[in-house]
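The values are calculated or read from the model by the stated rules, or taken from the named source; none is laboratory data. No experiment lies behind these values; they were computed from the predicted model shown. Cβ atoms come from the backbone with ideal geometry, glycine included; neighbour counts cover every protein chain shown. For accessibility, only protein heavy atoms count, side chains too; no ligands or nucleic acids. Shrake-Rupley method; radii C 1.70, N 1.55, O 1.52, S 1.80 Å.
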Amino acid sequence: MDIHTSRGKNTALVAVPDLIAELTARDRSSEVITAVHQIPAREAQWAPMPEWARPALVEAYRAKGVVQLYSHQAEAAGRIRKGGNVVIVTPTASGKTLCYNLPVLNAVLENPDTRALYLFPTKALSQDQLEELQDLGRRTGDAWGVFTYDGDTPSDARRAIRQKGHVVITNPDMLHAGILPHHTRWTRLFENLRYVVIDELHTYRGVFGSHLANVLRRLRRIARFYGQEPQFICCSATIANPGELASRLIEEDVEVIDANGAPSAQKHLVFYNPPVVNRFLGIRRSFINESYRLAQEFLKRGLQTIVFANSRLHTEVLLTYLKQANPQPPGQPEIIHGYRGGYLPLERREIERGLRSGQIRGVVATNALELGIDVGSLDVAILAGYPGTIASTWQRAGRAGRRSGASCAVLVASSRPLDQFIVKHPDYFFGSSPEHAYIQPDNLEILVNHLKCAAFELPIGKDERFGAVDLAELCGRLAEAGYLHRSGEYWHWTQEAYPADTVSLRSVSSDNFVIIDETDAPEVIGEVDFTSALTTVHPKAIYLHAGQQYHVERLEFDQRKAYVRQVDVDYYTDAIRYTQIRPLEAAEESPVAGPAVRMHGDVQVRSQVVGFKKIKFYTLENVGAGKLELPENEMHTTACWISLSRELLASLPYSTSEKQDGMFGLLHALESVACLLLMCDQRDLGSTIGEGAPLEGGEADRSRHSLPGGHDAPVEFFRPTLYLYDNYPGGIGLSEPLYHIHEELVRRTRELIAGCACENGCPSCVGPAGETGTKAKEAALAILDRLCV
């Protein structure tokens, strides 16, 4: 196996530049390969092992081949040794883990009572770190106990971990639901807790980050109860505001270390825009099919390849294509695998080992493999669609060539406006700093849930602080609702229920659906979160798992179970969701050119999966559809919206349906530009148009109805309103910034639509002309011309 791996690496040195040259030569029009960005190899900057490091630890690292440190490792370890909170910001594969392992393990050798808590966003990263620390432990005569504590930890091992674990490796979910509520069992840890390590800091943005900030409030509260103020060590990939994010998460000052001394091999980042097949409609070849074709080309050259997709569905479709093109030889292991959330833990560990050994030559993954899991030295990374942020793009591209040899990453753009903007403006991508990561820890929906958890853990004192809220008022409200009881100066939890169990850190609901294969003996093959279940395992859906198709026989909503059977069909299903929105209260409003009105405030969003389409593999034809009756979801959140006046609409020289097409096309582009300006994940922002009466012209069209006494009164027609809303209950702080950058938003949206080469609209600007109407682009620009005055 090692020979195979070695041969792959040697091939990469020659093949990668040659393949890029070949791709570029094929693109005679220069429209497909829009950029080839070369990152030259870089020499390492070295520093000696610190004098304070214990000889046993120095010797353990020496045995692993680490004789000296990179300059940033030495700087970080030194600052951690002195105390104070730090955040280390260096690229993928720059040796960030040594920055904190060295001072933490050294402190354990100096004082065996020292305890540390390591937080990783995924179980896979925890397993990675466990192997590294156990290897170091064996080389020092097992001088420390290192254990993972997550949902896969056997119950009989948990007591030993609580007593003997010098370093406990876990994830935010387990800290929230498995450790903090049971802190009395963890007294050994909390009485000696000196370090808290938060790795992959950049992943804690939006909802997940807001939850983690509240979990850390609870952690520090419990640590103080046991007489400890732990030191926080954070590690992050490159984002624009790592210091600010770390400070908001831990609510203390943080020192930033961002000088990188690690070496890197030569890398290429290629922007690939699928060829146009219909210039009039602006239709390009499918980015999924092009990603598959490129991956197959790299695999045939013997290059170990990872393909990143932006959704579970696209992951499984690409995996199906690649498995069919690379059938498993008789008696040989499979060389193509999928990797995503929903696969069972043992499946994922096996795939990671196969990638490291070189046995697996190709993997199709969601962002589950974007983080720093050690999967060895991959030669090529293909990104099927822009991940949504510059930071994620660099993170995924960094999975290729992590250790040595020339490597390549190819971004294959979809037809979405954001993808097209990035590949057509490579200077914007390469010249911009990565995104800011925003969190909203005082979001009431999130904070109140964690306040309940905090009250369960320890009574809440009247002078305590928990975020920037009026704690006494909130506790009073919770007491009225029957959750808390005041006794003297403390609020006590009164319910029998266990609050952490009902709070999910990553989604609206904590309930997961289990997927059971009934083809033979019933067997659990995976799981899916509550929100995704409605679109992926609804009745009659084709559920894809590891390239195998399953027909969903039934969905038992109350039991949270989906029953499936294996089938062999040539299509997959895509759910259709209907969304309705209603404004509740405007926080701010102001008139804008148009005339129109911009506002931001509270809204109610109702959504429902009402049907599905059957999409044929490869050709992507719509070969059928079905209706569904699934439960409706209701959400109170925040939004920014633009209400178009009757005067503006009356001035447009189009029919009612053409005006509506223009508004839908405008919203399609507005959402993409908003994500670009806010630098947020596209899943965090939703969009819709408020319902209303049909539009029929000007003031003369105003209807009248009778008032008591026989007088007539004018009826105000509904004003069509374009909503961009936070896609999470209570909001996550995106709407207000969007309100304040209104002028830039409409100006950039106009540039995007006007700069698109299509004639009547296409997926890259206002949406496909076949779906939005032939006048959608023209009408959208006419509306924007009035908004941009």
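Part of a helix (DSSP H, G or I), of a type in the set (A, V, I, L, M), open to solvent by less than 20 Å² (accessible area, probe 1.4 Å) and touching a Cys at 6+ places or on another chain (Cβ under 8 Å): does that describe residue 753?
yes
Only one of 671, 658, 647 is open to solvent by 30 Å² or more (accessible area, probe 1.4 Å), touching a Pro at 6+ places or on another chain (Cβ under 7 Å), of a type in the set (D, E, K, R) and part of a helix (DSSP H, G or I). Can you tell me which?
None of the other options fit; the residue is 647.
Does residue 588 satisfy the criteria of being free of Cβ contacts under 8 Å to residues at least 24 places away in the same chain and open to solvent by 20 Å² or more (accessible area, probe 1.4 Å)?
So residue 588 does not fit the description; no.
In this structure, is residue 302 outside any helix (DSSP H, G or I), at positive phi and in contact (Cβ under 8 Å) with a residue 12 or more places away in the chain?
yes
Please go through the stretch 86-111 and give me each residue that is in a loop (DSSP other than H, G, I, E, B), open to solvent by 20 Å² or more (accessible area, probe 1.4 Å) and on the phi < 0 side of the Ramachandran plot, ordered by number.
Answer for the stretch 86-111, where residues must be in a loop (DSSP other than H, G, I, E, B), open to solvent by 20 Å² or more (accessible area, probe 1.4 Å) and on the phi < 0 side of the Ramachandran plot: 91, 92, 111.
Name the single residue, out of those in the stretch 591-600 being in a strand (DSSP E or B) and open to solvent by 40 Å² or more (accessible area, probe 1.4 Å), that is nearest to residue 548 (Cα to Cα).
The qualifying residue nearest to residue 548 (Cα to Cα) is 598.
Going by what's in this entry, would residue 147 be described as assigned to a helix (DSSP H, G or I), among the aromatic types (Phe, Trp, Tyr) and open to solvent by 10 Å² or more (accessible area, probe 1.4 Å)?
No.
Would you check if residue 158 is surrounded by fewer than 20 Cβ atoms within 10 Å (Cβ to Cβ), of a type in the set (Lys, Arg) and modelled with pLDDT under 95?
Yes.
For residues that are surrounded by 23 or more Cβ atoms within 10 Å (Cβ to Cβ) and among the small types (Gly, Ala, Ser), tally how many sit in the stretch 412-452.
3
For the stretch 495-518, check the following and say yes or no: at least one residue is of a type in the set (S, T, N, Q), part of a strand (DSSP E or B), more than 20 Å from residue 634 (Cα to Cα) and modelled with pLDDT under 95.
Within the stretch 495-518 (the criterion being of a type in the set (S, T, N, Q), part of a strand (DSSP E or B), more than 20 Å from residue 634 (Cα to Cα) and modelled with pLDDT under 95), the answer is no, since none of the residues qualifies.
Taking residue 345 as the residue in question, decide whether it is surrounded by fewer than 23 Cβ atoms within 10 Å (Cβ to Cβ) and in contact with an Asp or Glu (Cβ under 7 Å, 6 or more places away or on another chain).
yes
Can you confirm whether the stretch 738-746 contains a residue that is surrounded by fewer than 21 Cβ atoms within 10 Å (Cβ to Cβ), more than 19 Å from residue 786 (Cβ to Cβ) and touching a His at 6+ places or on another chain (Cβ under 9 Å)?
The answer is yes; a qualifying residue exists.
Scan the stretch 764-780 for residues that are open to solvent by 30 Å² or more (accessible area, probe 1.4 Å) and either closer than 19 Å to residue 418 by Cβ or among the aromatic types (Phe, Trp, Tyr) (or both) and jot them down.
Within the stretch 764-780, 768, 771 qualify.
For the stretch 601-619, how many residues meet the condition of being open to solvent by 50 Å² or more (accessible area, probe 1.4 Å) and outside any strand (DSSP E or B)?
Total meeting the criteria: 2.
Check off (1) of a type in the set (D, E, K, R); (2) within 27 Å of the chain's Cα centre (by Cα); (3) open to solvent by 50 Å² or more (accessible area, probe 1.4 Å) for residue 529 and give me the number that stays unchecked.
(3)
Quick check on the stretch 510-552: of everything there that is among the acidic types (Asp, Glu) and in contact with a Phe, Trp or Tyr (Cβ under 9 Å, 6 or more places away or on another chain), which residue is farthest from residue 615 (Cα to Cα)?
Among them, the one singled out is 511.
Could you grab me the full set of residues in the stretch 755-789 that are among the hydrophobic types (A, V, I, L, M, F, W, C) and either within 25 Å of the chain's Cα centre (by Cα) or within 17 Å of residue 283 (Cα to Cα) (or both)?
Selection gives 756, 757, 758, 762, 765, 766, 769, 776.
How many residues are touching a helix residue (DSSP H, G or I) at 6+ places or on another chain (Cβ under 9 Å) and either surrounded by fewer than 19 Cβ atoms within 10 Å (Cβ to Cβ) or among the hydroxyl-bearing types (Ser, Thr, Tyr) (or both) when one looks only at the stretch 112-125?
4
Assess whether residue 455 counts as being open to solvent by less than 60 Å² (accessible area, probe 1.4 Å) and not in a loop (DSSP other than H, G, I, E, B).
In short, yes.
Going residue by residue through the stretch 691-705, is there one that turns out to be closer than 22 Å to residue 647 by Cβ, open to solvent by 10 Å² or more (accessible area, probe 1.4 Å) and modelled with pLDDT of 50 or more?
Yes, because at least one residue in the stretch 691-705 is closer than 22 Å to residue 647 by Cβ, open to solvent by 10 Å² or more (accessible area, probe 1.4 Å) and modelled with pLDDT of 50 or more.
Exactly one condition in (1) open to solvent by less than 40 Å² (accessible area, probe 1.4 Å); (2) within 22 Å of residue 347 (Cβ to Cβ) is false for residue 519; which is it?
Tallying (1) open to solvent by less than 40 Å² (accessible area, probe 1.4 Å); (2) within 22 Å of residue 347 (Cβ to Cβ), residue 519 fails exactly one: (1).
Of the conditions (1) over 25 Å from residue 385 (Cβ atoms); (2) basic (Lys, Arg); (3) at pLDDT 85 or above, residue 349 fails just one. Which one is it?
The number of the failed condition is (3).
Looking at the stretch 131-144 only, could you name the residues that are open to solvent by 20 Å² or more (accessible area, probe 1.4 Å) and either touching a residue at least 60 places away in the same chain (Cβ under 8 Å) or within 25 Å of residue 340 (Cβ to Cβ) (or both)?
Those that are open to solvent by 20 Å² or more (accessible area, probe 1.4 Å) and either touching a residue at least 60 places away in the same chain (Cβ under 8 Å) or within 25 Å of residue 340 (Cβ to Cβ) (or both): 131, 132, 135, 139, 140, 141, 143.
Using the structure shown, decide if residue 289 is in a helix (DSSP H, G or I) and over 21 Å from the mean Cα position of the chain (by Cα).
yes
Taking the options 244, 252, 229, name whichever one is under 19 Å from residue 679 (Cβ atoms), open to solvent by 10 Å² or more (accessible area, probe 1.4 Å) and of a type outside the set (Gly, Ala, Ser).
244 is the lone residue from the list that is under 19 Å from residue 679 (Cβ atoms), open to solvent by 10 Å² or more (accessible area, probe 1.4 Å) and of a type outside the set (Gly, Ala, Ser).
Based on this model, can you work out whether residue 198 counts as in contact with a helix residue (DSSP H, G or I) (Cβ under 9 Å, 6 or more places away or on another chain), among the aliphatic types (A, V, I, L, M) and within 26 Å of residue 468 (Cβ to Cβ)?
yes
Please go through (1) crowded, with 19+ Cβ neighbours inside 10 Å; (2) under 32 Å from the mean Cα position of the chain (by Cα) for residue 483 and return the number of the only condition it doesn't satisfy.
(2)
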